[in-house]
Structure formats: C-alpha cells, structure tokens
C-alpha cells in the first residue's frame, strides 16, 4: 500500500465499485483516521459523537474516492488526501456545533421573554418530536442532505462539495428527500 502503484491499483478498484478494495482501504487507514479525528477533536466531545464523526469521515472519504477525487499521478500521497478530508469533516462538525449552540441560546432567550400559552409550547414540542422521528426514519443519504440544506443552510454547491455528487443530483436528492419526509409526517399525523 505504500507504493504509488498499489494506491493507484486500489483507487482504480474503488472507482470500479470493488467493495473489497474499499474494505482494504479502511482496514489499512482505520487507525490513522481514528487518530486524526481524536487529535483534531482534542477530547472535547463524547465517545458517541467521536464515533459519528469517524463514520462521517469514512463516508466522505469513500464518496470522494468513488467520485474520482484522488489522482495519484499528482504526487500527493493517499494518506495526505485522507487527512485533508478528515480535517474538513471535523471542521464541519465544529461549524455545525456552533450553529446548534447558537440556536439553543436563542431558544432560551425566547422562553424567558415569551409568556405564551403553555399548551402551545406542548404542541410545538410534539411537532418537533414528530419531525425528528420522521427525519430519523429516512435513509442517511436523504436525511443528511435535508439537514445540510435546511438546518445548516448550506448552498447546493456546498452540499455537492461535501458529499461528492453533482449539483443537479443534490437538488434531485433534496426534492426526493422532502417527498419522503412529507410522506412520513403524514403517517405520523403531523399536519392534523
């Protein structure tokens, strides 16, 4: 795996859809990916969140490699390429974390200043719970594009770069994900 020839062969197999090559890649780089995530997170998050970030990093690496994002002829080692993707995923995690904390602060402020009917707060809470349940029932690829587009307010281009598919395909995936979400919400009687 150390030689460029082996990396090229492995990448070619991944591009052709060889799942054994994908498994070999992650076996070889497993410890390195985990180390990079741990080093960049600096013990600031829970073990479960670390596992999620590692999983997201693996998915981003695989999507990028399947798309042909790594070119061994450019002289950059595969390990450096993977480290760059891991770094981007960790940065995205912290970016999303800041947005979530900011939203929580806004919610706290509103709850102190807003003396609405307690029943409406219960109903809002139930709707949020149903929405979360419906989102969680979606396949990861559909859930992630909705979260990036709606909650993280990413542009179509940012999502395209993040998951490694064409902008047109991102739009199609978002539209389909919304249809699936609405179908799930109807099952849960969200609109009643």
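Could you please find all residues in region 122-149 being surrounded by 12 or more Cβ atoms within 10 Å (Cβ to Cβ) and either not in a helix (DSSP H, G or I) or not assigned by TED's automatic domain parsing to the domain that holds residue 160 (or both)?
138
Only one of (1) modelled with pLDDT under 85; (2) more than 16 Å from residue 82 (Cβ to Cβ); (3) assigned to a helix (DSSP H, G or I) fails for residue 13. Which number is that?
In the conditions (1) modelled with pLDDT under 85; (2) more than 16 Å from residue 82 (Cβ to Cβ); (3) assigned to a helix (DSSP H, G or I), residue 13 misses (1) alone.
The values are calculated or read from the model by the stated rules, or taken from the named source; none is laboratory data. Computed from a prediction, not measured in an experiment: that's the story for all the values here. Cβ atoms come from the backbone with ideal geometry, glycine included; neighbour counts cover every protein chain shown.
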